[in-house]
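J.: Encoded as structure tokens, here's the structure I'll be asking about.
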Amino acid sequence: MRRFAAVLLIVNLIVPSLAFSADQAPLAGYAPSSSTTERDWEAKFRAIPDPANLKEYMRRLSARPHHVGSPYDKDNAEWILARFKEWGLDAHIETFDVLFPTPKIRVLEMVEPTKFTAKLEEPAIAIDPTSNQKSEQLPTYNAYSSDGNVTAPLVFVNYGLPEDYEKLDRLGISVKGAIVIAKYYQSWRGVKPKVAAEHGAIGCLIYSEPKDDGYSRDNVFPQGPMRPADGVQRGSVMDFASSNPGDPLTPGYVASPEHPRLAIKDAKSITKIPVLPISYGDAQPLLAALKGPMAPDEWKGSLPISYHVGPGPAKVHLKVEFNWDLKPVNDVIAKIPGSVAPDEWIIRGNHHDGWVNGAEDPISGQAPLLEEARALSLLLKQGWKPRRTIIYAAWDGEEPMLLGSTEWVEAHADELRQHAAVYINTDGNDRGLLSMGGSHTLEQFINGVARDIEDPETKMTVWQRLQLSNIAQAKSADDRKELRQRPDLRIAALGSGTDFTGFLDHLGIATLDLGFAGEDEQGIYHSIYDDFYWYMHFSDYDFIYGRALSQTVGTSVMRLADAEVLPFDFVDFADTIQKYTKDLEKLLADKQEEIRERNQELEEGVFKATLDPRRPTVAPMKEEVPPHLNFAPMQNAADALAKSADHYRQAWSHKQSTLSETQAESLGALNQQLIESERKLTNDDGLPRRSWYKHLLYAPGVYSGYDVKTVPSVREGIEQKRYAEAEQEIVRVAKALQDESALIDSAAHLLEK
Ligand SMILES: [Zn+2]
């Protein structure tokens, strides 16, 4: 379900063609001789993925709507299972019964000052052959909205972020008792009804603004890739970030007959107020009927209306009711047993369920996963024997909120904690640059893989294309200098929005999330128009980036599965922790400065002086300046980490040349410690008020949703003005980092033995 929002400028760069040299340094984690063997197998692997197969998988899997509980969702799971088996893999389906609401009643009408009834319907388009599969399509709705029947004045709240409500306060406008209308994007959709309810709103509409993914960007579908007037973004609004993803009735444990289910009224992750997503065709008459103050400039979209905030005189009636049914999710799991270390697992997944036909989301990522599995099975027949166990997973129920992957993680939590070394996720694929997110202990590793993959358009390595594109995009001379000099490109920290969440945030399994994106615009996300026809006209229709994704992820899986020593590295990780520590100090200092300045301006009368009596605004309140916090424990831990990381890297480089003589048992102990290195960054008590989230460095933000909050308990403590809590959390995070540092030293000692 993840959606890349950024659109990149790809500049024309003339670069010397890059020769892939045969005399590369040995791979991290490998003895020199086994490194050569590994490179040979990887080269064989990369020659196999075939764009014609990728296209055929997509055509088949996106031929009909395949949401959770639909006949074609099950059919797809069985088809994927049959492919795994046909290729000779040991595969099965695991099924969990979970709460998945579907719409029963949807009514949206304006009752004052004029009458208007919203269509709430995406029309079939003649040229697009699957858009007319009406009987199988889920209507447009937000899953896990509560039932509701409300009539109230309307207020436009921009993107519905906390700061938008601060602006409304300044305009003297309250949403108490109102229905709000928010634009999609800028925050994850479920944050919008959450924040609206916290401010007293009784209903929430979310619309797709043409400035964001409609005609302002490019032609609309079918002339172009963007959202047409009646296109709607479905999607989950489950409040997973403040509770947990997965089945709302079995929070933190697997959905199975042996476990009691909560009553629906006790499920924390269902919204407090009714929510409905609408098209800009339906939104325009509502917005046009608003009066009250003009919306601030940065709130205005590109509809041919004056954007007012309200409240009213537009008054709307919103009624939604859902079938609160349990539905099966079918995860397809294939296993390749390890030959030397079967108890160390490398897991790779992408979901197979969609909101409707879901060609881009998720099949453009699922098809490369299948092609990897086929290629690996061919290598097995040629005699390749992976050292570790490899698990391929096609998840179901990702769209409602990571149902299939979360239940699987909860079902297998104990064995995963013991055995899982790395989880690699993808979720859709387009053309452009490699997007790399994940655990920073894998930053060096994934940079290494990216240096070995050819970009299909430029014929540079995908690493080089990314580096040069980042230089073109860089905002400062310092950033450009770092991009030119730092050996590895920084990878993004992971928030949520796709299936890695249970692995990383709940269990502390080192994770990567990969995909290509950036060259094509799209406005069909979660609509009936995300289908094979759209993908074949507006995205990677020759599947050369599908092949590149197979090559990238498959190479990663093999390299992780075959290494004598798991290729974790801690130098980039320690560098990242130094950076996070400085970021947090700056966050607090900026906040102190902002409040100090505002208080001074209030005393000086700046707000009185700038008040226009015909457009009155309310002055902000004076606020206490945030206290100083003691960051010393984190600074000390970050320093200790940097030392241990250097220690491990040096021990490794001494060891590498003699690695083949090492006893298998001592490697087992070392690898077990390396597997532990991500677990050490978790705490059993979890984050404050959301104990399912156990990772102390990465989490989705309570008020940002998919977007990551790094060092979340400290960062959110500062952002949400819980300064005492932030100070305690600094100590807890520092303790985990000190333990991590001790573990890294102990792993280095094992290498030095
Ligand atoms: Zn997806």
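The values are calculated or read from the model by the stated rules, or taken from the named source; none is laboratory data. Treat the numbers as computed from the prediction; the structure is a model and nothing was measured. We place every Cβ from the backbone using ideal geometry, glycine too, and count neighbours over all the protein chains shown. Areas reflect the complete protein model, heavy atoms only, side chains present, ligands, DNA and RNA absent. Shrake-Rupley method; radii C 1.70, N 1.55, O 1.52, S 1.80 Å.
J.: Roughly speaking, what is the centre-to-centre gap between the stretch 433-452 and the stretch 60-88 when only Cα atoms are used, to the nearest Å?
T.: Answer, in whole Å: 31.
J.: What ranking, highest mean first, results for peptides 268-277, 614-623 when packing means the other Cβ atoms within 10 Å averaged over each residue?
T.: Details: 268-277: 22.6, 614-623: 11.5.
Sorting 268-277, 614-623 by mean packing, highest first, produces 268-277, 614-623.
J.: Another question, if that's okay. Using label points projected 7 Å from each Cα along Cα→Cβ, tell me how many nm separate Leu262 and Thr95, to one decimal.
T.: 2.6
J.: Students often forget the sequence filter, so: which lysines lie under 23 Å Cα-Cα from Lys481 once same-chain residues fewer than 8 apart are removed?
T.: Candidates past the 8-residue exclusion: Lys579, Lys582, Lys586.
J.: Counting only protein heavy atoms and a 1.4 Å probe, tell me what percentage of the chain's accessible area is made up of carbon and sulfur. List each step's numbers first, then the result.
T.: Working: 14460 of 27930 Å².
Summing carbon and sulfur atoms, their accessible area is 52 percent of the total for the chain.
J.: Sticking with this one: Quick one: net charge around Trp299, please, counting Lys, Arg +1 and Asp, Glu -1 for every other residue with C-beta under 9 Å from its C-beta. Mind showing how you got there, number by number?
T.: Details: positive: Lys167, Lys183, Lys300; negative: Asp164, Asp297, Glu298.
Value of the local net charge: 0.
J.: From the square roots a ≥ b ≥ c of the eigenvalues of the alpha-carbon gyration tensor of the stretch 694-753, which class results: rounded (a/c under 1.5), prolate (a/b over b/c), or oblate? Present the calculation step by step, with values, prior to reporting the outcome.
T.: Values: a/c = 5.63, a/b = 2.11, b/c = 2.67.
Oblate.
J.: Order 646-656, 434-444 from most to least packed using the mean count of other Cβ atoms within 10 Å. Could you put the intermediate results ahead of the total?
T.: Values: 646-656: 17.5, 434-444: 24.5.
Going by the mean number of other Cβ atoms within 10 Å, highest first, we get 434-444, 646-656.
J.: Okay, next question. Charges on Cβ only, +1 for Lys and Arg, -1 for Asp and Glu, centred on the Cα centroid of the chain; of Thr389, Leu468, Tyr533, which one is farthest towards the dipole's positive end?
T.: It is Tyr533, whose Cα lies furthest towards the positive end.
J.: On a C-alpha basis, how far is the centre of the stretch 187-264 from the centre of the stretch 699-739 in Å? Whole number, if you could?
T.: Distance between centres, Cα-based: 25 Å.
J.: Principal axis lengths of the stretch 319-391 from Cα atoms, whole Å, largest first?
T.: 60, 25, 14
J.: Still on this model: So, in nm, how far is label Arg417 from label Lys475 when the simple model puts each one 7 Å beyond its Cα toward the Cβ?
T.: 4.0
J.: For Ala669 and Lys721, what is the calculated FRET efficiency with R₀ set at 45 Å and r taken between the beta-carbons, to the nearest 0.05? Present the calculation step by step, with values, prior to reporting the outcome.
T.: On the way: r = 46 Å, r/R0 = 1.02.
My answer for the efficiency is 0.45.
J.: Output the relative contact order of the chain, whole-number percent, from Cα pairs under 8 angstrom with separation of 6+ residues.
T.: Relative contact order for the chain comes out at 18 percent.
J.: Quick one: Cα centre-to-centre distance for the stretch 338-403 and the stretch 544-564, in angstrom?
T.: 11
J.: Apply 1/(1 + (r/R0)^6) to the Cβ-Cβ distance of Glu521 and Ala126, taking R0 = 22 Å, and write down the FRET efficiency to the nearest 0.05. If you can, show how the numbers build up before the last one.
T.: Numbers: r = 23 Å, r/R0 = 1.05.
Between Glu521 and Ala126 the formula returns 0.40.
J.: Let me see the P(r) profile for the stretch 111-240: every Cα-Cα distance counted, bins of 5 Å, each bin given as a percent of all pairs.
T.: Spelled out bin by bin, the stretch 111-240 gives 2, 9, 17, 20, 19, 16, 10, 5, 2, 1 percent.
J.: Separation between the Phe116 and Ser660 pseudo-spin-labels, each 7 Å from Cα along Cα→Cβ, expressed in nm?
T.: Here the answer is 7.5 nm between the modelled labels.
J.: Given Lys167/Lys622; Lys176/Lys709; Lys192/Lys608; Lys211/Lys694, which pairs have Cα atoms separated by over 26 Å? Don't skip to the end; give the middle numbers.
T.: Details: Lys167/Lys622 16 Å; Lys176/Lys709 29 Å; Lys192/Lys608 32 Å; Lys211/Lys694 38 Å.
With Cα atoms farther than 26 Å apart: Lys176/Lys709; Lys192/Lys608; Lys211/Lys694.
J.: How large is the accessible surface of Lys194 in square angstrom, using a 1.4 angstrom probe and rounding to the nearest 10?
T.: It works out to around 40 Å².
J.: Between Leu61, Val237, Pro700, whose Cα lies farthest towards the positive end of the dipole of the chain when Lys and Arg beta carbons carry +1 and Asp and Glu beta carbons carry -1, centred on the Cα centre?
T.: Selected residue: Val237.
J.: Can you work out ³J(HN,Hα) from phi for every residue in the stretch 44-54, in order, using Karplus 6.51 cos²θ - 1.76 cosθ + 1.60 and θ = phi - 60°, giving whole Hz and x for Gly and Pro?
T.: Here the 3J(HN,Hα) series is 4, 4, 5, 7, 7, x, 10, x, 4, 5, 4 Hz.
J.: What's the Cα-based Rg to Rh of the chain, Rh via Kirkwood?
T.: Numbers: Rg = 26.1 Å, Rh = 27.0 Å.
Rounded to two decimals, Rg/Rh equals 0.97.
J.: Starting from the Cα of Leu602, move 7 Å in the Cα-to-Cβ direction to define the label point; list residues of the stretch 714-749 whose amide nitrogen is under 19 Å from there.
T.: 719-723, by backbone N distance to the label point.
J.: Let me ask another. Arranged from highest to lowest average of other beta-carbon atoms within 10 Å per residue, in what order do the peptides 535-542, 350-357, 249-256 appear? Don't skip to the end; give the middle numbers.
T.: Details: 535-542: 20.2, 350-357: 29.9, 249-256: 18.5.
With the highest mean Cβ count within 10 Å placed first, the list reads 350-357, 535-542, 249-256.
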